[in-house]
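A.B. asks: To start, I am sharing the structure in question, which I have written as structure tokens.
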Amino acid sequence: MRLSKIKLAGFKSFVDPTTIPFPSNLVGVVGPNGCGKSNVIDAVRWVMGESSASRLRGDSLTDVIFNGSSSRKPIGAASVELLFDNTETTLEGQYANYAEIGIRREVSRDGVSNYYLNGTRCRRKDITGVFLGTGLGPRSYSIIEQGMISRLIEAKPEEMRVFIEEAAGISKYKERRRETSNR
Ligand code: ATP
Ligand code: MG
């Protein structure tokens, strides 16, 4: 499974609908300070279910919506979709047969946030469930942001364990066990 495209609209500085293609396994995003490079990564973590405003570099969850500039008015909603090519290395289980997997999140100014999996409305849990154990997730090691290496070095053993369990592919079983014992 490989990220092939990100579609953004109304998300942070990406006010107009924008498609960012990732045509190969190695892509560099370059540009001057403040042009929106980190906003692209924020968009990826947001769709995957990040629910902490500060981790998205804002004060509230609606801060991800374009809030206006010197030449444009604020708008009412933000939407981001990640498209994954699932033809080469595929996800296991129920998603194995999909050639493309699209996950989308939308939020409006009233704070209502909706998730979609291949166009069908779903829960946040369904989105995190697709990627659990793959290393991709709002806080997993596939996104190494500024300060993360020192956080890992300074992590307490139980925090470090969360990363190791995700890398070992066992976090999805632990999550299922937790859900079963909560029932
Ligand atoms: P650097 O090279 O300094 O790391 P960068 O390319 O990573 O810069 P970002 O942090 O991605 O830049 O983008 C910052 C820009 O995004 C700022 O100009 C900021 O005004 C704009 N921005 C962030 N949130 C919003 C929002 N909700 N509405 C409009 N613009 C926003
Ligand atoms: Mg940046």
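Values in this text are rule-based calculations from the coordinates and carry no lab data. Because the structure is predicted, anything quoted here is derived from the model rather than measured. Cβ atoms come from the backbone with ideal geometry, glycine included; neighbour counts cover every protein chain shown.
A.B. asks: Could you derive backbone 3J(HN,Hα) for the range 158-164 from the dihedral phi with the Karplus parameters 6.51, -1.76 and 1.60 (θ = phi - 60°), listing whole Hz in sequence and x where the residue is Gly or Pro?
C.D. replies: 6, 6, 4, 4, 4, 5, 5
A.B. asks: What Kirkwood hydrodynamic radius, in Å, does the chain give when the mean of 1/r is taken over all pairs of distinct Cα atoms and then inverted?
C.D. replies: Final number for the Kirkwood radius of the chain is 17.6 Å.
A.B. asks: Taking 7 Å along the Cα-to-C-beta vector as the label spot, tell me the ARG124-ARG177 distance in nanometres, rounded to one decimal.
C.D. replies: Those two pseudo-labels are separated by 2.5 nm.
A.B. asks: How far is helix 171-182 tilted, in degrees, relative to the longest principal axis of the Cα atoms in the chain, given as a value from 0 to 90 rounded to the nearest 10?
C.D. replies: Here the helix axis deviates by roughly 80 degrees.
A.B. asks: Compute the Kirkwood hydrodynamic radius of the range 1-42, taking the inverse of the mean of 1/r over all pairs of distinct Cα atoms, and give it in Å to one decimal.
C.D. replies: Kirkwood hydrodynamic radius for the range 1-42: 11.3 Å.
A.B. asks: How compact and how long is the range 21-99, expressed as Rg and Dmax of its alpha-carbon atoms in Å?
C.D. replies: Just the Cα atoms of the range 21-99 yield Rg and Dmax of 15.9, 48 Å.
A.B. asks: Return the lysines within reach of LYS12: Cα separation strictly under 17 angstrom, same-chain partners fewer than 8 residues apart disregarded; answer none if there are no such residues.
C.D. replies: List returned: LYS37, LYS73.
A.B. asks: Taking the Cα centre of each part, how many Å lie between the range 27-77 and the range 106-171?
C.D. replies: Spelled out, the Cα-based centre of one part sits 17 Å from the other.
A.B. asks: Then there is this: Could you state the orientation-averaged shadow area of the convex hull built on the Cα atoms of the range 100-183, in nm² to one decimal?
C.D. replies: For the Cα atoms of the range 100-183, the hull's average projected area reads 7.8 nm².
A.B. asks: Here is a follow-up. Return the aspartates and glutamates within reach of LYS5: Cα separation strictly under 13 angstrom, same-chain partners fewer than 8 residues apart disregarded; answer none if there are no such residues.
C.D. replies: GLU81, ASP85, GLU100
A.B. asks: Something else now. What ranking do 50-59, 155-164 get when scored by the average of other Cβ atoms within 10 Å per residue, highest first?
C.D. replies: My ranking of the peptides, most packed first, is 50-59, 155-164.
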